[in-house]
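Read through the structure below, which is laid out as C-alpha cells, and then see the notes.
The values are calculated or read from the model by the stated rules, or taken from the named source; none is laboratory data. What you are looking at is a predicted structure, and each value in this text was computed from that prediction instead of being measured. Note: ideal-geometry Cβ built from the backbone for every residue, glycine included; neighbour counts use all protein chains shown.
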2 protein chains.
Amino acid sequence: MVIKSMPETNQANGTNFEPADDRDNDRILSVQSHVAYGYVGGKAAVFPLQCMGYDVDVVNTVNFSNHTGYGRFGGTKTSAEELTAIFKMMDEVGLLSPGRLLTGYIPNAAALGVVKELAQKLKTRNPHLIYLMDTVLGDSGTLYVSQDVIPMYKEMLSLATIITPNWFEVETLTGVPILSLSALRNALSILHERVQHVVISSIPLQPWLSDVIPETMQPAASTDDQQAYLLCISSSRTIGSSSHSTVHSRLVPLIPGYFSGVGDLFSALTLGHFNPSLRPSEGKLHSATQTPLSLAVAAALHKTYSILEFTNTFAAQLPPGDRETTDDECDAAEPTRKLKRMRGRELRLVQGQHILREEWREGQGKDLQFWDGFWDSF
Amino acid sequence: MVIKSMPETNQANGTNFEPADDRDNDRILSVQSHVAYGYVGGKAAVFPLQCMGYDVDVVNTVNFSNHTGYGRFGGTKTSAEELTAIFKMMDEVGLLSPGRLLTGYIPNAAALGVVKELAQKLKTRNPHLIYLMDTVLGDSGTLYVSQDVIPMYKEMLSLATIITPNWFEVETLTGVPILSLSALRNALSILHERVQHVVISSIPLQPWLSDVIPETMQPAASTDDQQAYLLCISSSRTIGSSSHSTVHSRLVPLIPGYFSGVGDLFSALTLGHFNPSLRPSEGKLHSATQTPLSLAVAAALHKTYSILEFTNTFAAQLPPGDRETTDDECDAAEPTRKLKRMRGRELRLVQGQHILREEWREGQGKDLQFWDGFWDSF
C-alpha cells in the first residue's frame, strides 16, 4: 500500500510545553448540560473522564430533571450572566488554567458567546490548550438549538483543536448535503480550513457511501441483510499546509433504538484518549498510518460501542413492557410505556465502568483504517 | 467479654422489601452543593458512590465556582422554587423512587423545607428508604448556615435512617456541650429518641475522652507526644425499644492542615457501605459484636482516612510554597499563598480511586471496636 498522505501531527501540542503546574495537564474543564436523573451531557462525560484519571472541573449550562427523550423535563438554564460570574470568579481565584476544554450543549447564543470568550482567554493563556468543541446543534434533521447559534459555532471553529459533529451537524455547519463522496470531501475541506482535527461521529452507510469506501472497510458478509451500519470518520490536517488531510474510518453495526448521551460520551472519550505526542516518526506508534486523532477515535468508538452493547443487552433482559421499540402511537395510549423504555436505555456507565477503564492499545483489531486515496482527484 | 447490649438491626430495612424496580435499590438521590473546581459536596460524594456501583441522581443546591476555603467564591444558590420544580418534574415523569437518599449542604430554611417534603414523600412511598441526612451546620464552633435552619434539622431527625454530625453539630442539635462521658451519653440519647443510627464523625481526643475510652481503644505508644487523635463513634438503636444503643468507635491520627470535603466524602461512603441485611444472627457477620452501621462506618472511615493520607503525601511533595501551614497573616501579605495551599489539599479522589473501589471485608484490623460498658450507670 502506498501511503499518499502521511499522518499529520499536532505540532503545536507536540512540543515540550511546560504548564505553570503539572497538575493542569490532566485537568479538563467541561461546560455542558446537567440532568439530575440519567446520563446525558456532563453526566455522560464526567464520570468516564474521572475513571480515566482526569480531574474534571464541571460547569453546568442547564440544570434539568432528566433528558428530553422522556418527553417532559423541567429545570433552569444557566444564564449568560451566571456563566460569566462562575468563570470570572474561577479566574480571579486562580483556578482557570485547564490543559483541556470540553464544551457540549449550550442552550442559546448569549451563553455560547460566554463560552467563546472563555475559549479565547484559555487559548491565549495556553496556546497548547486542547479544545474539543462538540458542536451540538441537532441530529437526524432536527435542530436542538436556536438558529442564531449556528453562525456563532461557525465563527468558533478556529478556536477548536477537535470537533465531533454528526452528519447533520456537518451539513448544518458547511451547508453541504452529504450525498456523495465529492460532497463529503467538500464538507471536510471546508471544516479543515478552520479546524485541524475533524471527527464525523456517525454517517449511516447508505448505498452511495457503501460504494465508495475501500473494500477492506466493507462490512463482513452477514446472514442479516437488514443490518444497518454507521461509518465513523477521523480526519487530521496541519493547519496552513497545502496538503490534504489524513482520513481514517471504521464501520460499526447500528444498534436499534433510541439511546441518549451517546454523542456526549463519545466526545468525552475522544478528548480523554487524544495524545498529541504520539508521533509515528518517533516510533511510538505501532503503525505509521495512524495519527493521534485516529487512535483517540478508535478508543472512543470502541468504548462507546461497548457501553451501548452492554446497555442494549441489559435492556433486552427487561420485562417486555420495558423494551418496546419506539412507537409514538402506543406511547400516547399508555403514558408509562415511553418512561419504561427510556429508563431501560439509560447508558449503563456505572455498571460498565470496567469498559471505560480499559487500557487502550493500538493494533488490537479495533483501530480505524487509513482511507487510502480518499482525496484522489479532488 | 460480656455483651451488654446486642447489636441492633434495622428491622424495617432488613425485611424482604421488593421495590417496583430492582434497579432502584442501587439508586441514590444526592441533594447537596456543586462546585465547578475541586472536591466538596456532590463533587466529593458522587464519584465515590459511582465507583462503588451506584447510579446517582444529582440535584445541586448551589452552583459555585469553588469551595469557601479559597476565601472567595461565586455562583448561585438554587432557590426553593427551583428545587421544587426539579423534584416535581422527576416525580411526574416517574423518576423519583430511589432506594437511598443522601442530603448535605442546604443553604437556607426555604430550601431545607423542600428537602423535608421530599424526604417525607419518598419515605411514605418506600418505608424502607435508607436516608442518610448529613446535618451540615458548621464545624469547630462556626455555623455555616443561618440560625433558622437549626430547628428545622431537629424536626427532620425522625425522617433520617442515619445522621453523621461532627461534634459541633451534635452540640448544636442537642444543646449539650460534649465535655464529659455523661454529656456524650446524654447527647446520644437525645439524638436516639428520633434517629436509629447516629455517627459522630469526629471528636478530638481531649483528656476527658482519653480517660474514659476502653484501654483497647487507646492510641499505640508513640514517640510523638504531640500526635493528636480523632474519635469516630457509631451508635445504633432500635427505635421504640427501651434498651440503650450499641456503641462502637475507632481512633485515627489527626492529619494536620485544612482539607475540604472530608465530611461529605465520609457521609457518602457510610451510606454506600451500609447494608441493613448484614445481621449477625444470620451468621453473615464475622463478629457478633458488629452492627450494619459499625461495618459501614469502619469502611467509610478507612477509605476516607486513606484518601486523606494519599492527598497529604501528595501535598508534602509539592514545592515549599504550595505546602505552607495555615497562617492568615502570611496569606494576607501574599494572596497566592492560600490558593496554592488550598489547591494542594484538594482531595485526590480521582488519583486515589483504587482506594474508593476496594472491596471491604470486616476483620482486617480496621473494624470499629465495640465499646463495652458505654451505657453503664447512665
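Brief remarks follow.
- The residue of the stretch B:225-243 that is surrounded by the most Cβ atoms within 10 Å (Cβ to Cβ), among those that are of a type in the set (A, V, I, L, M) and modelled with pLDDT under 95, is B:Ile239.
- Residue check, B:Ala36 touching an Asp or Glu at 6+ places or on another chain (Cβ under 6 Å), more than 18 Å from B:Asn108 (Cβ to Cβ), more than 8 Å from chain A (Cβ to nearest Cβ) and buried (at least 22 other Cβ atoms within 10 Å of the Cβ): no
- Test: A:Pro151 is in contact (Cβ under 8 Å) with a residue 24 or more places away in the chain and not β-branched (Val, Ile, Thr): no
- Looking across the stretch B:47-73, the residues that are among the aliphatic types (A, V, I, L, M) and in contact with a helix residue (DSSP H, G or I) (Cβ under 8 Å, 6 or more places away or on another chain) come down to B:Leu49, B:Met52, B:Val56, B:Val58, B:Val59.
- When the stretch B:41-59 is limited to residues that are closer than 18 Å to B:Pro107 by Cα and among the β-branched types (Val, Ile, Thr), the one that is surrounded by the most Cβ atoms within 10 Å (Cβ to Cβ) turns out to be B:Val59.
- Checked against the criteria, A:Thr76 counts as within 28 Å of B:Met89 (Cα to Cα), of a type in the set (Ser, Thr, Tyr) and touching a helix residue (DSSP H, G or I) at 6+ places or on another chain (Cβ under 8 Å).
- Residues in the stretch B:134-154 that are closer than 19 Å to B:Thr84 by Cβ and either under 17 Å from the mean Cα position of the chain (by Cα) or not hydrophobic (A, V, I, L, M, F, W, C) (or both): B:Asp148 alone.
- Residues that are modelled with pLDDT of 80 or more, assigned to a helix (DSSP H, G or I) and under 24 Å from A:Tyr229 (Cβ atoms) do occur in the stretch A:315-331.
- Residue satisfying all of: in the stretch A:347-372; touching a Lys or Arg at 6+ places or on another chain (Cβ under 9 Å) and among the charged types (D, E, K, R); surrounded by the fewest Cβ atoms within 10 Å (Cβ to Cβ) among these: A:Glu358
- The residues of the stretch B:81-92 that are surrounded by fewer than 22 Cβ atoms within 10 Å (Cβ to Cβ) and over 29 Å from A:Glu92 (Cα atoms), listed by number, are B:Glu81, B:Thr84, B:Ala85, B:Lys88, B:Met89, B:Asp91, B:Glu92.
- Subset tally (residues that are outside any helix (DSSP H, G or I) and crowded, with 20+ Cβ neighbours inside 10 Å) for the stretch B:252-273: 3
- Conditions (1) on the phi < 0 side of the Ramachandran plot; (2) in contact with an Asp or Glu (Cβ under 9 Å, 6 or more places away or on another chain): number failed by B:Leu230: (2)
- Number of the exception - B:Ala268 against (1) within 18 Å of B:Ala316 (Cβ to Cβ); (2) in contact (Cβ under 8 Å) with a residue 60 or more places away in the chain; (3) touching a helix residue (DSSP H, G or I) at 6+ places or on another chain (Cβ under 6 Å): (1)
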